[in-house]
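Note sheet for the following structure.
The values are calculated or read from the model by the stated rules, or taken from the named source; none is laboratory data. What you see is a predicted model, and the numbers here were worked out from it, not measured in a lab. Glycine gets a Cβ as well: all are built from the backbone with ideal geometry, and neighbour counts include every protein chain shown. Surface accessibility is based on the protein's heavy atoms, side chains included, excluding ligands, DNA and RNA. Shrake-Rupley method; radii C 1.70, N 1.55, O 1.52, S 1.80 Å.
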Amino acid sequence: MATASSIPSQELFDQLPKHLHWEAYNIYQWEGFWYPAAVIRGMLAFRSNYKARCDDVILASSLKTGTTWLKALCACIMDYHDDQLSSKNPHLVVKTLEYEFAGETLNPDDLSGMPSPRLFHTHLPYSALPESIKNSESKIVYITRNPSDTMVSGWHYFNKILRRNNQDPYPFEKEYNNFCAGVHSYGPFFDHVLRYWSESLKRPNKILFLKYEELKRDPKGQVKRLASFLGRPLAGEDEVDKVIWGSSFERLKNLEVNKNGELPFGNVPNSAFFRLGKVGDWENYFTAEMKQGLDEITRMKLEGSGLDFES
């Protein structure tokens, strides 16, 4: 694990820019992004102890952009220990490394002893990844989503895990303003997305860039593309259909394992990851002024990048 001297002290955290996230805990600005203190500690341990193999697969995403679906898809494609999804939440099948290191549930011996190919996930921005991932032949699959739906999904998610005991929902307008300002966990959203996008253009054999909306619109085509990138091309339409069914929102939401229980990191209910799974839910929450405001931010942030989002 990372040495004690490499882990930030509380005194150092107290000197960092901070924001009270959802009136529940502080998030801190570290190297341009915002994280809870535990995630920063986990990130530094991850950087210190992770040595990439050439056949590793790292799934990457900002929060609430399709992470659960991507984990389930890749687990099915790689036949990762058969159908673990029938008895385990996708976040236990494909673990998020900075959370595992923060909780000290992984150590270098655990990692070195794992059979190849290893499949992991991270919410970290590209700049925060260990150098061995960036410089090796390991592959990265990144998924993103329309920022309006991302913001709405995050609002529901944090209401479920942080506003318990019959608390009123966190004010939607406050979260909208925080999202637009980039002051949210793993934010700013656009900085996170754009760096992976830029790297995917430079190294398309290294980084596959996926959009949630394209997966919804053309699941067969996108699953074939994903499987080919992972070096596990699917033999026929039956295999494609099996992967789509095995990782589908409808199937996973109705499994007993995802109706009950909690994840060990943060005590998040398994059910919190299966709310709606649709495109365009923002229309039920945004005012016309909100949509215009976030659209303008999106236009300015993405200008000249070649990236766009479907509304």
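Restricting attention to segment 112-146, which residues are among the charged types (D, E, K, R), over 22 Å from residue 213 (Cα atoms) and assigned to a loop (DSSP other than H, G, I, E, B)? If the condition is that a residue be among the charged types (D, E, K, R), over 22 Å from residue 213 (Cα atoms) and assigned to a loop (DSSP other than H, G, I, E, B), then 118, 137 are the ones that fit. Among the conditions (1) modelled with pLDDT of 85 or more; (2) touching a Lys or Arg at 6+ places or on another chain (Cβ under 8 Å), the only one that residue 71 does not satisfy is (2).
Selection within segment 51-101: residues that are in contact (Cβ under 8 Å) with a residue 60 or more places away in the chain and among the β-branched types (Val, Ile, Thr). The member of this set that is farthest from residue 151 (Cα to Cα) is 77. From the residues in segment 177-195 that are of a type in the set (Phe, Trp, Tyr) and either modelled with pLDDT under 95 or under 14 Å from residue 298 (Cβ atoms) (or both), which one is surrounded by the fewest Cβ atoms within 10 Å (Cβ to Cβ)? Per the criteria, the residue is 190. Evaluate the following for residue 153: is it closer than 23 Å to residue 30 by Cα and either free of Cβ contacts under 8 Å to residues at least 60 places away in the same chain or not aliphatic (A, V, I, L, M) (or both)? Taking the combined requirement at face value, the residue does not satisfy it.
Select, from 174, 160, 224, the only residue that is open to solvent by 30 Å² or more (accessible area, probe 1.4 Å), part of a helix (DSSP H, G or I), out of contact with any His (no Cβ under 7 Å at 6 or more places or on another chain) and modelled with pLDDT under 95. So that I can check it myself, show each step before the final result.
Numbers: 174 fails: modelled with pLDDT under 95; 224 fails: modelled with pLDDT under 95.
Matching residue, one of 174, 160, 224: 160.
Of 265, 309, all but one fail to be among the hydrophobic types (A, V, I, L, M, F, W, C), modelled with pLDDT of 90 or more, in a loop (DSSP other than H, G, I, E, B) and under 19 Å from the mean Cα position of the chain (by Cα); the exception is 309. If you check 278, 291, 242 for being among the basic types (Lys, Arg), open to solvent by 80 Å² or more (accessible area, probe 1.4 Å) and in a helix (DSSP H, G or I), only one passes: 242.
Looking at residue 216, is it more than 23 Å from residue 62 (Cα to Cα), of a type in the set (D, E, K, R) and either without any contact (Cβ under 8 Å) to a residue 40 or more places away in the chain or assigned to a helix (DSSP H, G or I) (or both)? The answer is no for residue 216.
Among the residues of segment 135-143, is there at least one that is within 12 Å of the chain's Cα centre (by Cα), more than 20 Å from residue 43 (Cβ to Cβ) and surrounded by 22 or more Cβ atoms within 10 Å (Cβ to Cβ)? Steps first, answer last, please.
Narrowing segment 135-143 to residues within 12 Å of the chain's Cα centre (by Cα): 141-143.
Filter once more, keeping what is more than 20 Å from residue 43 (Cβ to Cβ): none.
Checked segment 135-143: no residue is within 12 Å of the chain's Cα centre (by Cα), more than 20 Å from residue 43 (Cβ to Cβ) and surrounded by 22 or more Cβ atoms within 10 Å (Cβ to Cβ).
Scanning for something farther than 20 Å from residue 85 by Cα, without any contact (Cβ under 8 Å) to a residue 40 or more places away in the chain and in a helix (DSSP H, G or I), does segment 199-209 turn up at least one residue? Yes, that holds for at least one residue. On the basis of being modelled with pLDDT under 90 and on the phi > 0 side of the Ramachandran plot, does residue 165 make the cut? So residue 165 fits the description; yes. Does any residue of segment 36-52 turn out to be open to solvent by 20 Å² or more (accessible area, probe 1.4 Å) and assigned to a loop (DSSP other than H, G, I, E, B)? Scanning segment 36-52 turns up at least one residue that is open to solvent by 20 Å² or more (accessible area, probe 1.4 Å) and assigned to a loop (DSSP other than H, G, I, E, B). For segment 70-83, the condition holds for at least one residue, the condition being that it is hydroxyl-bearing (Ser, Thr, Tyr), outside any strand (DSSP E or B) and farther than 21 Å from residue 267 by Cβ.
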